[in-house]
């Protein structure tokens with residue numbers, strides 16, 4: 001079954017593109033065919049770091065997201081990864097409503113997933129509440145607690161939203177902390193995570209730190225069925 005993964009969270013800077021890169025590397029490491037679509041108008045992360053697997057998809061038309069379904073339907077074994085830029089959630093919801101895409105995908109045997117990436121701030125909690133109260137809540141949900149953007153998620157726990165989402169079937173991924181200085185070195189090299197673990201201007205121990213982080217993250221992704 002082909003799977004479609006929308007990486008969202010609406011707010012800029014929460015780590016949506018970081019997760020998209022992690023998933024891209026996970027698919028490569030597991031030998032899973034995939035194609036990525038990058039909705040960032042300023043040459044986003046998938047296009048920068050995984051250009052061989054990604055194509056631009058600016059959301060400037062009513063049919064911009066149509067290629068997502070088409071790409072998934074073309075190859076039942078292929079994953080489709082969509083890195084949603086900040087403030088594109090409205091475009092996604094309109095497309096879902098106007099096309100009945102979720103129902104169509106189910107009829108074609110395609111699985112859709114929405115990954116809601118969160119930092120530890122209040123804005124992310126409020127945006128999750130808005131998502132759960134809206135029509136997008138019908139999509140299978142993965143909550144991503146991004147420790148790279150804050151380790152304490154007390155506000156989320158106190159809100160009761162995580163428990164509410166889990167009661168609706170949501171899965172949770174905790175994206176473990178990676179030192180900012182190390183991530184900046186990887187980004188500065190403009191390389192994929194794999195390339196960074198081989199060279200990429202990193203020292204021996206930093207390459208090992210990155211390898212361990214990727215291995216642990218992949219081990220947490222496997223049970224999610226991606």
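Laboratory data are not the source of any read-out in this text; all were calculated from the coordinates shown. Keep in mind that this is a model prediction, so the values were computed, not measured. As a convention, Cβ positions derive from the backbone with ideal geometry for all residues, glycine included, and neighbour counts pool all protein chains shown.
One Cα centroid belongs to the range 182-208, the other to the range 140-178; the line between them spans 27 Å.
Length gained on full extension, residue 199 to residue 132: 19.9 nm, using 0.36 nm per residue less the C-alpha separation. For residue 220 and residue 86, the FRET efficiency from 1/(1 + (r/R0)^6), where r spans their Cβ atoms and R0 equals 35 Å, is about 0.90. If the chain linking residue 176 and residue 55 were pulled fully straight, counting 0.36 nm for each residue of separation and taking away their Cα-Cα distance, it would gain 40.8 nm. Given [x] 67, 46, 41; [y] 55, 37, 28; [z] 50, 43, 32 as candidate values of Cα extents along the principal axes in Å, which corresponds to the one derived from the coordinates? The value computed from this structure is option [z]. Hey, with R₀ at 22 Å, roughly what FRET efficiency would residue 43 and residue 67 work out to, going by the Cβ-Cβ distance, to 0.05? Calculated transfer efficiency: 0.75. Computed over the chain with a Gaussian network model linking Cα atoms closer than 10 Å, the most mobile of 172, 99, 39 is 99.
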